[in-house]
Structure formats: structure tokens, C-alpha cells
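Novice: Take a look at this one; I'll ask things after.
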Amino acid sequence: MKLDDDDFTLFGLPQRFTLDRAEIDQRWRSLQAQVHPDRFSAEGAASQRLAMQWAVRVNQAHQRLKDPLARAAYLCELRGAPINAERNTAMPASFLAQQMHWREALDEAEDEPAIQALDDTVAARETELLDDVARALDERHDAAAAADKVRALMFVHRFRADVSRRLEQFDL
């Protein structure tokens, strides 16, 4: 293990989008048990600092690998197709029209069932996009196509967060 290994190598996992969350979590727990600073308390400050670096690195990798959107973006970057979401916001017109339709529906929704129905629709589209990303990365090895889908997923993710905030208003 090296600090500069990619997350997949660090966790001993294949570089693919489709991974088992339970396996990711199990490997994280195993790695944390190996590098936890408390294990090095008798070895002095330098060993503890190094263990802390390892613990932070393992936690960062875990955060990225366990989140499908972050994992997809990371894989795209590793394969030479960085997301560059802050500079590359181009989306197909049909996707932008869909976004506008969803936003209007959210603005017009007046009750919890209407908002929940919208969230269900958007969640289904999110699942389709995740499936598209998996095929692009794992089957076709087309990181550029996957990057386009990841950017779309970022829009969907933000929209679903807005929907969740609206639904929370009903829980008060």
C-alpha cells in the first residue's frame, strides 16, 4: 500500500463502477483497523502522524468509493475524462427541457403527495442514468460518455436535494 495509490488499488478492488457497497464498507473497516493511530500510540509521535495520514487517506477513499456519483466521477477522471462540472455545463436541450419541467412541477406542487410523486419520477430517471454510467464505464469503457451522464446526474442530485427540502417542510 502506498499513500498515492488510487482508491481502488488502496481498497483492493477492481477499477469499475459496479461495486458491492457491503464489500467497500468491509474493506474500509479492515483498512481502518490496520492504520488507526491508536494502534501506534506506543511507537511515538512520528508513527502516530503517519498513521493519521493513512487514516485520513483511507477515509477519503471510502467517501469517494461508497458514493456512486463520486465513484463515477473519480473513474472518469482516472480514465482521462474529468468531469470539470464548474467549466463544462453543456447539456442536451432535451435534458435541459426536462429540468425546467421538473422545476416548474416542484414550484407548482402544493401538497406532499404531489412532491413525492415528482421525487419518484426523478428517482427513476436517476436510476436510469446510473445504469447508463455503469454500462459506459464497465462494458463500453467509454469514460467520455460516462462523464456526460455524470454531469447530468449532478443536476439530478441537486434537484432531488431541493425536493427533499420541500418534503421536510411537511414533517415539521
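Novice: About its Cα centre, what dipole magnitude does the chain give when the only charges are +1 on Lys and Arg Cβ and -1 on Asp and Glu Cβ, stated in debye to the nearest 20?
Specialist: Approximately 900 debye in magnitude.
Novice: About the Cα centre of the range 93-171, how large is the charge dipole given +1 on each Lys and Arg Cβ and -1 on each Asp and Glu Cβ? Please answer in debye to the nearest 20.
Specialist: Details: 10 positive and 19 negative charges, 88 e Å.
With Lys and Arg at +1 and Asp and Glu at -1, about 420 debye.
Novice: With charges only on Cβ, +1 for K and R and -1 for D and E, what is the dipole size of the range 7-66 about its Cα centre, in debye, rounded to 20?
Specialist: 140 debye
Novice: Right, next: Tell me, how many Å apart are the Cα centres for the range 119-135 and for the range 74-97?
Specialist: So the two Cα centres are separated by 16 Å.
Novice: Could you pull out every residue, at least 5 positions away or on a different chain, whose amide H is within less than 5 Å of the one on Q15? Hs are placed 1.01 Å off N in the peptide plane, and Pro or chain starts have none.
Specialist: Long-range HN contacts for Q15: none found.
Novice: Show that you can apply the helix-only estimate: for the chain, add -39,500 (n - 2.57) for every DSSP H stretch of four or more residues, divide by all residues, and state [θ] at 222 nm to the nearest 500.
Specialist: It comes out at -23500 deg cm²/dmol, rounded to the nearest 500.
Novice: Would you mind calculating the gained length between A93 and Q15 on full extension (0.36 nm times residue separation, minus the Cα-Cα distance), in nm to one decimal? Please report the intermediate quantities before stating the final value.
Specialist: Values: separation 78, 0.36 × 78 = 28.08 nm, distance 3.20 nm.
Between A93 and Q15, full extension yields an extra 24.9 nm.
Novice: Mean-square fluctuation check for the chain, GNM, Cα pairs under 10 Å: which of V133, V56, V156 is largest?
Specialist: Looking only at V133, V56, V156, the biggest GNM fluctuation is shown by V56.
Novice: Test of the criteria: in the range 68-104, which GluC sites (Glu not before Pro) are in a DSSP loop and have at most 16 other Cβ atoms within 10 angstrom of their Cβ? Can you show the working numbers first?
Specialist: Values: sites: E77, E86, E104; in loops: E86.
Loop-located and lightly packed - E86.
Novice: Now a separate question. Can you report the principal axis dimensions of the chain using only the alpha carbons, biggest first, rounded to whole angstrom?
Specialist: Ordered largest first, the chain gives principal extents of 62, 44, 29 Å.
Novice: Put +1 on the Cβ of every Lys and Arg and -1 on every Asp and Glu Cβ in the chain; which of S47, M100, A124 then has its Cα farthest towards the positive end of the dipole?
Specialist: S47
Read-outs throughout are calculated quantities, based only on the coordinates presented, and are distinct from any laboratory measurement. Predicted model only: the values in this text are computed from it and were never measured. Quick reminder, even Gly has a Cβ in these numbers, built from the backbone with ideal geometry, and neighbours come from all protein chains shown.
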